[in-house]
1. Just one of the numbered conditions (1) among the small types (Gly, Ala, Ser); (2) touching a Ser or Thr at 6+ places or on another chain (Cβ under 8 Å); (3) closer than 30 Å to residue 7 by Cβ is not true of residue 19; which one?
2. Output the number of residues of region 1-14 satisfying the condition of being out of contact with any helix residue (DSSP H, G or I) (no Cβ under 8 Å at 6 or more places or on another chain) and modelled with pLDDT of 90 or more.
3. Of the numbered conditions (1) surrounded by 10 or more Cβ atoms within 10 Å (Cβ to Cβ); (2) at pLDDT 90 or above; (3) aliphatic (A, V, I, L, M), residue 83 satisfies every one except a single condition; which is it?
4. For region 22-39, state whether one or more residues are touching a Lys or Arg at 6+ places or on another chain (Cβ under 9 Å), in a loop (DSSP other than H, G, I, E, B), in the same structural domain as residue 7 (by TED's automatic domain parsing) and within 30 Å of residue 7 (Cα to Cα).
Amino acid sequence: MTKNKTKTIPNFKNRQQEAKFWDTHDFTDFLDQTKKVNLKVNLKAPKDGVLTIRLQPQLKKHMSQLATEMGTQTSTLARMWLIEKLKTLTPPYQST
C-alpha cells in the first residue's frame, strides 16, 4: 500500500476509477469522512419465487437504460414485461 497523498476522498466517475484509488489508499486515513452504517447480509439460498436469468451484457445494459428512463428498476421492468407476455400466451393470467 502506498502512502496516501490525498486529504479528501474524490468523487469517482466510475467503479474502475474508485477501485484504482482504493488499491493505493487506506480508508483508515479518511475516517473523518466516513460514517457508520448498519449492514445486514443474508447468505441463504433464494426463497421460492426468485428466478435468476442471465442476459447478454448489451441486452442487460439496454434494459437498465430503459428502466432508468422509466423511473424503475431493471428487475421491475423485466417482471412487467414477463407478466404482459404471459397474459397474451395463457389468458387469463392473474398477477399476485
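1. (2)
2. Within region 1-14, residues that are out of contact with any helix residue (DSSP H, G or I) (no Cβ under 8 Å at 6 or more places or on another chain) and modelled with pLDDT of 90 or more number 3.
3. For residue 83, the exception is condition (2).
4. Yes, region 22-39 contains at least one residue that is touching a Lys or Arg at 6+ places or on another chain (Cβ under 9 Å), in a loop (DSSP other than H, G, I, E, B), in the same structural domain as residue 7 (by TED's automatic domain parsing) and within 30 Å of residue 7 (Cα to Cα).
Residue by residue, here is whether (1) over 18 Å from the mean Cα position of the chain (by Cα); (2) surrounded by 10 or more Cβ atoms within 10 Å (Cβ to Cβ); (3) modelled with pLDDT of 90 or more; (4) of a type in the set (A, V, I, L, M, F, W, C) holds:
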residue	(1), (2), (3), (4)
30	yes, yes, yes, yes
50	no, no, no, yes
56	no, no, yes, no
78	no, yes, yes, yes
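The values are calculated or read from the model by the stated rules, or taken from the named source; none is laboratory data. Since the model is a prediction, treat every value here as computed from it, not as a measurement. Cβ: placed from backbone, ideal geometry, glycine included. Neighbour counts: every protein chain shown.
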